[in-house]
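The values are calculated or read from the model by the stated rules, or taken from the named source; none is laboratory data. Fair warning: this is a prediction, and the values are worked out from it, not measured in the lab. Note that each Cβ is placed from the backbone with ideal geometry, even for glycine, and that neighbours are counted across all protein chains shown.
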Amino acid sequence: MPLGSVLVTGASSGIGLQTAVHLHANGWRVFGAIRNPGRAEALANAGVEVVPLDVTDDEQTRAAVATVVRKCGAIDALVNNAGIQVRGYFEDVPEADVRAVFETNVFGVMRVTRAVLPFMREARRGRIVMVGSIGGRIGSLALTSYCASKFALEGFAESLALEVAPLQISVSLVAPAMVRTDIWGANRNVAKAAADPKSAYYAWFSESERLADRILKTAPTTPADVAQAVGRALTDTPPRLRYIVGRRAGWLLRARNLLPGEMFEKIYFRQVLRMVTKPR
Ligand SMILES: NC(=O)c1ccc[n+]([C@@H]2O[C@H](COP(=O)([O-])OP(=O)(O)OC[C@H]3O[C@@H](n4cnc5c(N)ncnc54)[C@H](OP(=O)(O)O)[C@@H]3O)[C@@H](O)[C@H]2O)c1
């Protein structure tokens, strides 16, 4: 008897793929939602059921949720994982790219959440997990729209959690530190103007990219760590609102919470700016 039905968005790679496989292995009936049908193989090989879903598409969203409900009689859980980034200093990132990030990371999450809520409300049970980011709590260079979208997700998740708590529906944010996935490779998505040496920000941007790659090289957090945290958010009694994944993320957030006034920002800004504007 499965633990319940769960829809995982952005399940074609990285954290979403690992999460879908982990939940399936741990007794959930998992529907891995992917927007590119050519990327279903790893999920199918692991026994995960695959549904087409681009989270920016209303009709596909309704159809994906309807498929889960038709096959299982209910949708017990949703993992909002699909996400994109665009890299570059703000002035170099066109508004269309900023909007695309929000369309997936914020409105996409809202769209899928809106589609599952009537079923969860009716059943008086459900768990919704949002894959946020440490970038939703602490700002970062060359990632303004991504961080803005993940900060927005924090506000959405926290507010929604309050609204649906009386319906026995929980909302949890799983916020990982840096994890080596396609988001740092094939899906890195550098804005055209940011990669142009004529950009006023080019030297700082290039240095910030090198810095990100250096940190990534030694990043200890893995997609499996994030998948386990999602698993806990789906089974803990009661589930927590926030799960921070990764020691580095934990230290940074503790520092931010513990330091008085704007001391954290002062130290953090000084440190980051020194590394980017005056590299050794
Ligand atoms: N890796 C990190 O360092 C890190 C840290 C903190 C948070 N996160 C968050 O973790 C989540 C997963 O990212 P990842 O690191 O696993 O990167 P990833 O390997 O690039 O995975 C992103 C997934 O989202 C899917 N996706 C993008 N736009 C979509 C859309 N409109 N509709 C449906 N699916 C869409 C991608 O599908 P395609 O295969 O079709 O492109 C892919 O499956 C994201 O929300 C990201 O912000 C990542």
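Remarks
- Looking across the stretch 233-251 at every residue that is assigned to a helix (DSSP H, G or I) and modelled with pLDDT of 95 or more, the one that is nearest to the chain's Cα centre (by Cα) is identified as Ala233.
- Screening Gly32, Gly47, Gly38 for residues that are outside any helix (DSSP H, G or I), out of contact with any Pro (no Cβ under 8 Å at 6 or more places or on another chain) and surrounded by fewer than 20 Cβ atoms within 10 Å (Cβ to Cβ) leaves exactly one candidate, Gly47.
- With respect to the conditions (1) of a type in the set (A, V, I, L, M); (2) within 12 Å of the ligand (Cβ to nearest atom); (3) farther than 27 Å from Ser5 by Cβ, Ala191 lacks only one, and its number is (2).
- Residue under evaluation Trp28, criteria (1) under 20 Å from the mean Cα position of the chain (by Cα); (2) away from the ligand (no atom under 14 Å from the Cβ); (3) closer than 17 Å to Ala123 by Cβ; (4) among the hydrophobic types (A, V, I, L, M, F, W, C), criterion not met: (1)
- Scanning the stretch 252-280 for residues that are loosely packed, with under 12 Cβ neighbours inside 10 Å and outside any helix (DSSP H, G or I) returns Pro260, Gly261, Glu262, Lys278, Arg280.
- Taking (1) more than 15 Å from the ligand (Cβ to nearest atom); (2) within 24 Å of Gln228 (Cβ to Cβ); (3) free of Cβ contacts under 8 Å to residues at least 40 places away in the same chain in turn, Arg39 satisfies each apart from (1).
- In the stretch 209-226, of all residues being among the small types (Gly, Ala, Ser) and near the ligand (Cβ under 10 Å from one of its atoms), the one that is surrounded by the most Cβ atoms within 10 Å (Cβ to Cβ) corresponds to Ala212.
- Inclusion of Val171 among residues that are among the β-branched types (Val, Ile, Thr), crowded, with 21+ Cβ neighbours inside 10 Å and either more than 11 Å from the ligand (Cβ to nearest atom) or not in a helix (DSSP H, G or I) (or both) is warranted.
- Flag if Val131 is more than 16 Å from Arg87 (Cα to Cα) and either at pLDDT below 95 or more than 14 Å from the ligand (Cβ to nearest atom) (or both): no
- Boolean, Ala194 is at pLDDT 95 or above, among the hydrophobic types (A, V, I, L, M, F, W, C), farther than 28 Å from Gly155 by Cα and in contact with a strand residue (DSSP E or B) (Cβ under 6 Å, 6 or more places away or on another chain): yes
- Within the stretch 196-217, the set of residues being more than 27 Å from Arg248 (Cα to Cα) and touching a helix residue (DSSP H, G or I) at 6+ places or on another chain (Cβ under 8 Å) comprises Asp196, Ser199, Ala200, Tyr201, Tyr202.
- Summed over the stretch 82-119, residues that are out of contact with any Asp or Glu (no Cβ under 8 Å at 6 or more places or on another chain) and closer than 21 Å to Leu7 by Cβ total 19.
- Taking the numbered list (1) closer than 26 Å to Pro239 by Cβ; (2) assigned to a helix (DSSP H, G or I); (3) hydrophobic (A, V, I, L, M, F, W, C) in turn, Val98 passes all entries but (1).
- Qualifying position, being modelled with pLDDT of 95 or more and more than 21 Å from Ile183 (Cβ to Cβ), among Val6, Val79: Val6
- Residues satisfying the stated conditions in the stretch 79-101, i.e. among the hydrophobic types (A, V, I, L, M, F, W, C), crowded, with 22+ Cβ neighbours inside 10 Å and away from the ligand (no atom under 13 Å from the Cβ): Val93
- Set Ile84, Ile75: member being of a type in the set (A, V, I, L, M, F, W, C) and either farther than 25 Å from Glu163 by Cβ or in a strand (DSSP E or B) (or both): Ile84
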